[in-house]
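Contents: one structure, followed by commentary.
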Amino acid sequence: MLDVKRVRENFESVKADVERRGKGDFGIDNVLKFDTKRRELLAEVEQLKNKQNTVSREVPKLKKEGKDTS
């Protein structure tokens, strides 16, 4: 199994190793592409969680003030 961090840091070396082992159809290029997409999505999830937490903290304050929270 390949370590994604190693692939990210030493892509050309890992790619050469995979090809040397005869696993050229493995799709090592996709590993980097999917890792990049995964990191982007994780960042987006974190932003959304942060926004949700911010809104969640505001709801009790608004209810206490008698304002609409819907």
Exercise. On the given criteria, is residue 61 assigned to a helix (DSSP H, G or I) and of a type outside the set (A, V, I, L, M, F, W, C)?
Worked result: yes
For this session: Return the total of residues in region 21-50 being among the basic types (Lys, Arg), at pLDDT below 90 and either loosely packed, with under 11 Cβ neighbours inside 10 Å or part of a helix (DSSP H, G or I) (or both).
Result: 1
Seminar exercise, completed: Filtering region 3-20 for residues that are loosely packed, with under 11 Cβ neighbours inside 10 Å and part of a loop (DSSP other than H, G, I, E, B) leaves a count of 1
Problem set entry | Pair list, Cβ < 8 Å and 6+ apart or interchain, from region 14-38 residues that are closer than 16 Å to residue 1 by Cβ and among the acidic types (Asp, Glu) to residues that are at pLDDT 90 or above and assigned to a helix (DSSP H, G or I) | 35/4; 35/7; 35/8
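The values are calculated or read from the model by the stated rules, or taken from the named source; none is laboratory data. What you see is a predicted model; the values in this text were computed from it and never measured. We place every Cβ from the backbone using ideal geometry, glycine too, and count neighbours over all the protein chains shown.
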